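Report on one structure; see the data block that follows.
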Amino acid sequence: MKDAMLRLVERGWLRATETPDVYARTEDGRLQLAAPGDVTLYTRPGCHLCEEAKAQIAPLLKEFGARLTEINIDEDPELLARYDYDVPVIFLGAQKAAKHRIDLAQFRRQLHAKADPSW
């Protein structure tokens, strides 16, 4: 079991905590467990592009029954370093779907493909 945990730490999906033998899931680890139709929006307060993207994708999320998780990058130093100048960043499942601006036709196709993999 410990070897499996260490492999997950090496992949960046878990991180050690201050308590010995206790690990916490990282954001990368959360994404790996996301369902194909789960949408993650990395954002920050006051970002007009983020609000625009959220409003644009809302009807598609409803149409496809996708679940939105909104993450404020300013609350996580690692995410801040990764996405500071790129918000909004949108993931569909564990794959990046868009950053800065979203192409709604492409996003619809991606959602449709995740909802029906035979498409």
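Bear in mind that the values in this text are calculations on the coordinates, not laboratory data. Everything quoted here is computed from the prediction, not taken from an experiment. Don't worry about glycine lacking a Cβ; one is built from the backbone with ideal geometry, like all the others, and counts go over all protein chains shown.
Listing for the model above:
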| item | result |
| --- | --- |
| Rounded to whole Hz, the Karplus (6.51, -1.76, 1.60) HN-Hα couplings of segment 47-62, x for glycine and proline | 8, 5, 5, 5, 5, 5, 4, 4, 5, 5, 7, 3, x, 5, 4, 5 |
| Of Thr40, Thr19, Thr69, the one that fluctuates the most in a GNM where the chain has Cα springs shorter than 10 Å | Thr19 |
| Dipole magnitude (debye, nearest 20) for segment 1-109, charges at Cβ of Lys, Arg, Asp, Glu | 480 debye |
| 5 angstrom amide H check on Ala97, placed H, neighbours 5+ away | Ile90, Phe91, Leu92 |
| Bins of 5 Å, starting at 0 and running to the largest distance - Cα pair percent for segment 34-115 | 3, 16, 29, 26, 16, 8, 2 |
| Linear extension gain, Asp21 paired with Glu51, 0.36 nm per residue minus alpha-carbon span | 6.8 nm |
| Count of Lys pairs (Cα-Cα under 16 Å; at least 8 positions apart or interchain) in segment 34-115 | 5 |
| Positive dipole terminus of the chain, leading residue within Tyr42, Gly93, Pro77 (C-beta point charges) | Gly93 |
| Rough spin-label spacing in nm, given labels placed 7 Å along Cα→Cβ, for Asp86 and Asp74 | 2.0 nm |
| Per-residue [θ]222 nm for the chain (sum of -39500 (n - 2.57) over DSSP H runs n ≥ 4, rounded to 500) | -13500 deg cm²/dmol |
| Point-charge dipole on Cβ atoms (K/R +1, D/E -1) for segment 1-55, about Cα centre, debye to 20 | 60 debye |
| Antiparallel bridge percentage (DSSP; both residues within the chain; nearest 5) | 70 percent |
